[in-house]
Each structure stands twice: as C-alpha cells, then as structure tokens.
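S.K.: Got a structure for you, questions after.
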Amino acid sequence: MRAALPALAGAALLTGTLLSSPAQAAGSVHISKVYYDSPGSPDSGSNTSLNGEWVRIKNSTSSTVSLKGWKIKDETGYTYTFGDVRIGSGASKTVHTGKGTNTGAHKYWGRSWYVWNNTGDTAKLYKANGTKVDSCSWSSRGSGYKYC
C-alpha cells in the first residue's frame, strides 16, 4: 500500500486534481457570453437592435456577490458601472447596450449607439477597486456572439 500512495499522488498531480487553487474550486464571477453583433442586418441603431447587443455576467461561486461599483469596459473605454446590485450563486446578469427598464436579471446601459465592435473587441470585467476579474475577446464577425 505504501508504494501505491506516491503513485496516486503523482497521478493526481499529472491530472491537475491537486493543482486547482481554492479560488478555482470555489468558482468565480465572470463574463459568460457576449452578443456583439445584434441579430438582423444591417445594424439599424434602433433601441431593439441596440438591446440585441449584450454581455452576460455569471456567478459560479457558492455565495451571493455584490457587484456595486463593478465595471464592464470595451477596448475603446466605454464603461458600464453596476449600481447596488447583487448576483446570487449560479445566477447571471445580462447588460444590454440600449435603453430599458432594469430588472433582476437584465440591466440596460442606456446608450444610443453600439458598444461592441463586430470585427473584434474585448469585453473586460473589473471589481469596484479596479482589479480586472475577467476578459473575453473576439477577432472576427463569426457567429455574432462569443461564449467565454
């Protein structure tokens, strides 16, 4: 049995079982999907078209997280700042580019033109203290959305 223990430990290290940090095991708040090219052609600039462009934030931790002061930014520097919003364990928040009435799951940036560039951009998520939490990039029009 003693000879088997080092072999098991070595196998666990090779498979990454023991390499995961507690933060990775606990999950994260991250960008899960960006719909950067609203459906339809061409982009008309209508509020409906603007709201077809969105970014989704997911909480895969085991507890509720306050998003107050957290920011979503693109490469140009357009910035959405979350108000006094909490995101429950396993829940998502979708931030639409256009105008609308905020609900628990859907927030509205209130912009009158598009944020995300169809041919390439990066969505970045920052904590209130300025620490970058996650980013999601694309470099071509592709399908118009990106799972992150």
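Quick grid of which residues meet (1) within 14 Å of residue 30 (Cα to Cα); (2) of a type in the set (Ser, Thr, Tyr); (3) free of Cβ contacts under 8 Å to residues at least 40 places away in the same chain:
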site: 50; (1), (2), (3): no, no, no
site: 60; (1), (2), (3): yes, yes, yes
site: 64; (1), (2), (3): yes, yes, yes
site: 68; (1), (2), (3): no, no, no
site: 106; (1), (2), (3): no, no, yes
site: 120; (1), (2), (3): no, no, yes
site: 130; (1), (2), (3): no, no, yes
site: 144; (1), (2), (3): no, no, no
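S.K.: Being of a type in the set (Lys, Arg) and either buried (at least 16 other Cβ atoms within 10 Å of the Cβ) or at positive phi (or both) is the requirement here; does residue 99 meet it?
M.R.: Here the answer is no, as residue 99 does not meet what is asked.
S.K.: Now a separate question. Could you check segment 102-122 and list, in sequence order, the residues that are surrounded by fewer than 20 Cβ atoms within 10 Å (Cβ to Cβ), of a type in the set (Lys, Arg) and either assigned to a strand (DSSP E or B) or touching a strand residue (DSSP E or B) at 6+ places or on another chain (Cβ under 7 Å) (or both)?
M.R.: Hits for segment 102-122: nothing passes.
S.K.: Looking only at segment 92-106, count how many residues are charged (D, E, K, R) and under 16 Å from the mean Cα position of the chain (by Cα).
M.R.: Qualifying residue count for the region: 1.
S.K.: Pick out, from segment 1-75, the helices (runs of 4 or more DSSP H) lying fully within it that include 1 or more residues that are under 25 Å from residue 144 (Cα atoms), open to solvent by less than 20 Å² (accessible area, probe 1.4 Å) and at pLDDT 95 or above.
M.R.: Where helices (runs of 4 or more DSSP H) fall fully within segment 1-75 and carry at least 1 residues being under 25 Å from residue 144 (Cα atoms), open to solvent by less than 20 Å² (accessible area, probe 1.4 Å) and at pLDDT 95 or above, they are 47-51.
S.K.: Also, quick follow-up: From 122, 103, 97, 131, grab the single residue that is β-branched (Val, Ile, Thr) and in contact with a Phe, Trp or Tyr (Cβ under 7 Å, 6 or more places away or on another chain).
M.R.: Being β-branched (Val, Ile, Thr) and in contact with a Phe, Trp or Tyr (Cβ under 7 Å, 6 or more places away or on another chain) holds for just one of 122, 103, 97, 131, which is 97.
S.K.: Please count how many residues of segment 123-148 are part of a loop (DSSP other than H, G, I, E, B), closer than 23 Å to residue 40 by Cα and open to solvent by 60 Å² or more (accessible area, probe 1.4 Å).
M.R.: 6
The values are calculated or read from the model by the stated rules, or taken from the named source; none is laboratory data. Note that the coordinates shown come from a computational prediction; the quantities given were computed from them, not determined experimentally. Cβ atoms come from the backbone with ideal geometry, glycine included; neighbour counts cover every protein chain shown. What goes into the accessible areas is simple: the full protein's heavy atoms, side chains included, and nothing from ligands, DNA or RNA. Shrake-Rupley method; radii C 1.70, N 1.55, O 1.52, S 1.80 Å.
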